Amino acid sequence: MLKNNDSISFVATRDPAISRVFYEGTLGLTLVSDEHIALVFDVNGHMLRITMVDKLIPAKHTILG
């Protein structure tokens, strides 16, 4: 079922401004949309949504690779 669909990656952030500097400035990703609830980047044809959250519990494992 998934082989016929595009995947979307999600990463959470409490600070969209800092996240935008990192993903756009440091990593060089193209910003597609700055929505009220998420920043959307293009990652080689795939969507990465940086979603705003009130509380963030850092993962102890890789979340994006």
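The values are calculated or read from the model by the stated rules, or taken from the named source; none is laboratory data. Since the structure is predicted, the reported quantities are computational estimates derived from the model, not experimental observations. FYI the Cβ positions are ideal-geometry reconstructions off the backbone, even for glycines, and counts take in every protein chain you see. Quick note on the areas: whole protein, heavy atoms, side chains included, nothing else; ligands and nucleic acids left out. Shrake-Rupley method; radii C 1.70, N 1.55, O 1.52, S 1.80 Å.
Kindly establish whether Phe22 is surrounded by 11 or more Cβ atoms within 10 Å (Cβ to Cβ), part of a strand (DSSP E or B) and among the aromatic types (Phe, Trp, Tyr). So Phe22 does not fit the description; no. Taken over segment 25-52, the residue count meeting the criterion of being assigned to a loop (DSSP other than H, G, I, E, B) and not aliphatic (A, V, I, L, M) is 5. Mind listing whichever residues of segment 35-53 are of a type outside the set (A, V, I, L, M, F, W, C) and modelled with pLDDT under 95? Scanning segment 35-53 gives Glu35, His36, Asn44, Gly45, His46.
Screening segment 5-16 for residues that are among the small types (Gly, Ala, Ser) and modelled with pLDDT under 95 and picking the one that is least open to solvent (accessible area, probe 1.4 Å) gives Ser9. Answer yes or no as to whether Lys55 is farther than 12 Å from Ala12 by Cα, open to solvent by 100 Å² or more (accessible area, probe 1.4 Å) and assigned to a loop (DSSP other than H, G, I, E, B). When the stated conditions are applied, Lys55 does not pass them. Working carefully through the options Leu39, Leu2, Leu27, find the one that is under 13 Å from the mean Cα position of the chain (by Cα) and open to solvent by 70 Å² or more (accessible area, probe 1.4 Å). After applying the criteria, what remains is Leu27. Checking segment 46-62 against the condition returns no match, with no residue being more than 13 Å from the chain's Cα centre (by Cα) and on the phi > 0 side of the Ramachandran plot.
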